Amino acid sequence: KEARTYAVPTPSRSSIETPYIALSELHLDHTNPRLGAKAGTPQSELDLLNAIVEVFGVDDVLSSLAVNGYFEAEPMVGVKLPADRGYRIAEGNRRLAACLILVGDERARHHQKRTVEYQALQRKHGNAPITRVPVRVLDDDRSLLSYLGVRHIAASQPWDSYAKAAWVSKVLDSSNLTLTDVTEMIGDQHKTVARALEGYHFVNQLISAAQFNPADSYRPGRGSNP
């Protein structure tokens, strides 16, 4: 049989504003609200990737990447890290985890079985290895907060209530925005955010006071909510 040659696809003109960045420069975000109670806890990227696979699953993304390649119209969203340490991916951590598994990155070394399986599927469909992906790099935290607020709090890809409240808590702690600013930014007219934030702080206070262990719940929460 004639040997196939796999070439890295050339980014289209639309990628001029959304550059393709090497996977080696992209880092998973330990502050991602969708990690639920684990969000904000310093972890290695290996542990973060394992948590993403365990909590959210990546096989559907892996299959899509292997068969179709990376969908250019869905860039990841990142924030540049200081001292040229790469980019923290604020939006697209599940896609990044899948890409790292597919390419056999060291951070995905616990998932070699998936790497072998989906690389074979990738070769079967004649697709090039994915080593660079489109990343929309935001210049400032306010732009990032606005983007995530519209996309996940008020729009078509909502987070569960725990993740929403964790996000709002992070915004209030790390910026000069007020709760009123946040509610106006995401169009919350029913004080849903304020109620969710009260519940979030109440649960975390109970955990801190050793009055509640999420693992003892009779019914587990949905999504990131333990």
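The values are calculated or read from the model by the stated rules, or taken from the named source; none is laboratory data. For clarity, every value in this text was computed on a predicted model and none was experimentally measured. Accessible surface areas use protein heavy atoms only, side chains included; no ligands, DNA or RNA. Shrake-Rupley method; radii C 1.70, N 1.55, O 1.52, S 1.80 Å.
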TODO: Determine the gain in length on full extension of the stretch GLN112-ARG85; use 0.36 nm per residue of separation and subtract their C-alpha separation, reporting nm with one decimal.
DONE: 7.1 nm
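Could you give the length gained on full extension between GLU54 and ASP216, defined as 0.36 nm per residue of separation minus the Cα-Cα distance, in nm?
Numbers: separation 162, 0.36 × 162 = 58.32 nm, distance 1.94 nm.
Length difference between fully extended and current span is 56.4 nm.
Of ARG123, ARG88, ARG219, which has the most accessible area and how do the rest follow, probe 1.4 Å?
Numbers: ARG123 120, ARG88 55, ARG219 200 Å².
Largest accessible area first, the list is ARG219, ARG123, ARG88.
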Task: Surface accessible to a 1.4 Å probe, LEU46 within the full protein complex, Å² - done: 20
